[in-house]
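All remarks here apply to the structure that follows.
The values are calculated or read from the model by the stated rules, or taken from the named source; none is laboratory data. None of these values were measured; they are calculated from a predicted model. Cβ atoms come from the backbone with ideal geometry, glycine included; neighbour counts cover every protein chain shown. Just so you know, the surface numbers come from the protein's heavy atoms only, side chains and all, with ligands and any DNA or RNA stripped out. Shrake-Rupley method; radii C 1.70, N 1.55, O 1.52, S 1.80 Å.
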Amino acid sequence: MVAIFIIGFIVSMGLALALTPLVKKFAVRIGAMDTPNARKVHTRIMPRLGGLGIFLAFIITVAALLPFVSAWFTTRDMSFVSAFLIGGTIIVLIGALDDRFELSAKVKLLGQIVAASVVVFGFNIRVDFVNIPFQDSYSSLEAWVSIPLTILWIVGVTNAINLIDGLDGLAAGVSGIAIGTIAVMSFLMGNMMIALMCLVLLGSIIGFLFFNFHPAKIFMGDTGSLFLGFSLAMLSMLGFKQIAIVSFITPLIIIGVPLSDTFFAIVRRAVQRKPIFAPDKGHLHHCLRELGFSHRQTVLIIYGIAAFFGVLAIIQSSAAMFEANWVTFVVICIMMFFLQVGAEVIGLVSKTRRPVINFLMRMRVKLNPETRSKS
């Protein structure tokens with residue numbers, strides 16, 4: 001069994017290395033090019049559509065391995081694989097059309113909803129249970145709750161990865177770290193199907209990163225960012241023993257970087273009284289660049305943050321296996337504290353409003369009278 005995982009990873013990485021240069025030539029030929037503007041960091045025209053290389057390497061490897069591993073999987077596992085591949089294909093088609101013709105946001109959203117609906121209605125993949133906090137019991141969810149919740153999860157995570165795709169190698173690397181985290185937890189929980197899918201996808205991403213890390217030779221475009229977002233939504237939803245709302249705590253931590261960046265973007269635009277979907281240069285990578293970090297340094301810092309979230313997710317998930325629910329509470333508190341302080345330090349919401357930092361400074365002054373007297 002171990003050999004299959006190793007082979008899947010190596011084959012997918014090799015295919016991505018071989019296919020990405022061909023995809024680059026194809027992108028140039030059909031005019032799928034990314035032109036610089038005031039909001040973008042890059043300064044020269046670049047081919048996009050690179051996500052097609054990730055997708056092709058992944059789907060070819062999975063198709064080649066299925067005859068050898070299908071005996072390991074249950075009927076529901078195979079249903080999930082089918083839903084993943086068909087829904088992912090729809091997402092890639094939408095992304096590829098956008099990379100070439102720049103579709104409107106409404107058309108892209110409609111395509112994502114269609115892909116999510118195929119997963120939910122075509123293969124009956126959805127959130128089934130709600131966990132009663134701090135108790136070992138579950139209650140089933142009615143269809144009118146579980147169906148829209150699952151569609152919202154898939155569409156939301158799909159777009160979250162798209163929003164952080166602003167620097168060379170950023171979205172691919174953060175997605176790779178998140179997928180690697182899910183792979184580790186899947187091995188710990190004995191979910192071999194999810195583990196295999198994660199390793200094959202991780203190999204595809206690493207192969208693509210050889211051409212996408214700064215200085216990039218090709219961008220993944222919406223083809224890649226939407227597909228990786230969709231993949232994370234699917235793998236995180238099924239990477240646990242049951243599809244339950246309690247399980248969403250872990251994937252929320254796993255994809256903490258894109259989700260928090262999206263959340264702070266919404267808050268920032270609300271504070272500045274701008275439309276929620278209005279593009280700006282206030283995202284995490286923009287703020288780090290403004291602080292003086294280089295392109296590569298910014299990407300590596302965000303990789304580090306993503307890895308930190310990954311470690312927290314593994315700790316939380318491992319504790320949940322032993323019903324140590326208090327660990328989940330502690331992990332969430334730590335995560336929320338560092339998210340807020342970090343956002344205030346780099347100015348994700350506002351350059352002047354720093355409520356938590358100001359509160360901590362006031363507490364420091366109260367606890368240290370000598371500091372107050374010197375000032």
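Counting heavy atoms of the protein chains alone, Leu209 has an accessible area of about 40 Å² for a 1.4 Å probe.
Surface composition of region 153-245: carbon plus sulfur atoms contribute 69% of the solvent-accessible area (1.4 Å probe, protein chains only, all chains present).
So what's the net charge close to Ser146: Lys and Arg +1, Asp and Glu -1, counting the other residues with Cβ under 14 Å from its Cβ?
On the way: positive: Arg126; negative: Asp128, Glu142.
In short, -1.
Summing Lys and Arg as +1 and Asp and Glu as -1 over all other residues whose Cβ lies under 14 Å from the Cβ of Asp99 gives a net charge of 0.
Summing +1 for each Lys or Arg and -1 for each Asp or Glu among the other residues whose beta-carbon sits under 15 angstrom from that of Phe123 gives 0.
Tell me, what is the per residue accessible area of region 54-111 in Å², probe radius 1.4 Å? Numbers along the way, then the final one.
Values: 2870 Å² over 58 residues.
Result: 49 Å² of accessible area for each residue.
Under 5 Å from the amide H of Arg48 lie the amide H atoms of Met33, Asp34, Phe219, each residue being 5 or more positions distant or on a separate chain, with H modelled from the backbone and absent for Pro and chain starts.
Residues of region 18-37 with amide nitrogen under 18 Å from the 7 Å Cα-to-Cβ point of Phe210? Residues 18-26 fall inside that zone. Residue pairs exceeding 31 angstrom between C-alpha atoms, taken from Lys108/Lys274; Lys108/Lys217; Lys24/Lys281; Lys108/Lys351; Lys217/Lys351: Lys108/Lys351; Lys217/Lys351.
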